[in-house]
Amino acid sequence: MSRFNFLSLYKERKEEHAVWPIGERFPVPVGNEIHTGFFVFVSFSCGHCIDLFPHLNELQEETEIPFLLFCAADQETIREAADHFGFSFGWEAVEFDELKSVYRVYETPYIYYIRDGVVAGSQTVDTAEEFSRFIQASAGK
């Protein structure tokens, strides 16, 4: 019977799922004027994301720091959701594979706090309450 080395497999997987570290320049989309903000990554195939949508406007009102929503969906679907929920912030349509390859987001909902184009914090959030705590903690940075 062959034996595998769990720690070497775990190390490889852990490195594969590294998010943008604090202090690194974030790949802000070309043409985007927001260089300081909460960059919120969601997907319509994510139950926590769907549950978060109705709370995004009130979460945005908790801070003067702008939001930018990145959604793994086509523009028409995002526009429909933005109109339905009355989103008061901008959004970007991204390809699902871009979540990982460009933005290093491996699960949603995920939030980066970007300050002057540089990562100042990031975290997975499953609820509006967790998102609110992240906003409050980040606003003090």
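Things worth noting here:
- The residues of the stretch 98-120 that are under 17 Å from CYS49 (Cβ atoms) and either of a type in the set (S, T, N, Q) or more than 13 Å from the chain's Cα centre (by Cα) (or both) amount to a single one, THR108.
- Residue in the stretch 111-132 that is free of Cβ contacts under 8 Å to residues at least 12 places away in the same chain, of a type in the set (A, V, I, L, M) and more than 21 Å from ALA18 (Cβ to Cβ) present: no
- Residue in the stretch 72-88 that is among the aromatic types (Phe, Trp, Tyr), in contact (Cβ under 8 Å) with a residue 12 or more places away in the chain, surrounded by 13 or more Cβ atoms within 10 Å (Cβ to Cβ) and under 23 Å from TRP20 (Cβ atoms) present: no
- Failed item, numbered, when ILE135 is tested on (1) surrounded by fewer than 16 Cβ atoms within 10 Å (Cβ to Cβ); (2) closer than 27 Å to ALA18 by Cβ: (1)
- Checking each residue of the stretch 29-48 against the condition of being open to solvent by 70 Å² or more (accessible area, probe 1.4 Å), β-branched (Val, Ile, Thr) and either closer than 22 Å to ALA120 by Cβ or in a strand (DSSP E or B) (or both) gives at least one match.
- Within the stretch 17-52, the set of residues being over 13 Å from the mean Cα position of the chain (by Cα) and at pLDDT 90 or above comprises PRO21, ILE22, GLY23, GLU24, ARG25, THR36, PHE44, SER45, GLY47, ILE50, ASP51.
The values are calculated or read from the model by the stated rules, or taken from the named source; none is laboratory data. All of these numbers come straight from a predicted model, not from anything done at the bench. We place every Cβ from the backbone using ideal geometry, glycine too, and count neighbours over all the protein chains shown. What goes into the accessible areas is simple: the full protein's heavy atoms, side chains included, and nothing from ligands, DNA or RNA. Shrake-Rupley method; radii C 1.70, N 1.55, O 1.52, S 1.80 Å.
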